[in-house]
Amino acid sequence: MGGAPGEHVGTVIGVDGESLHMQQEGAGEVWIPLAWVSWTDDRTIHLSKTASEFAEGAEQQAPSRQVRP
């Protein structure tokens, strides 16, 4: 999976509701909104976010398991 402009940010594990569940490079499992997907090709999902935006916005828990205050 690549962030704009083409940086590799992780590997997709699967889809979890409205989120992509993935293994982030060096940081464990994270979830990101499907809305961040810009386009796909045969082997890569391209995001509309940069690698730094990805790192800031990726959730450490599945959205359905997050505890809300």
Considering residues of region 52-69 that are loosely packed, with under 14 Cβ neighbours inside 10 Å and not in a helix (DSSP H, G or I) only, the residue modelled with the highest pLDDT: 60
Test result for residue 34, at pLDDT 90 or above, crowded, with 18+ Cβ neighbours inside 10 Å and within 11 Å of the chain's Cα centre (by Cα): no
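The values are calculated or read from the model by the stated rules, or taken from the named source; none is laboratory data. Worth saying up front: this structure is predicted, and the values here are computed from it rather than measured. All Cβ positions, glycine included, derive from the backbone under ideal geometry; neighbour counts span all protein chains shown.
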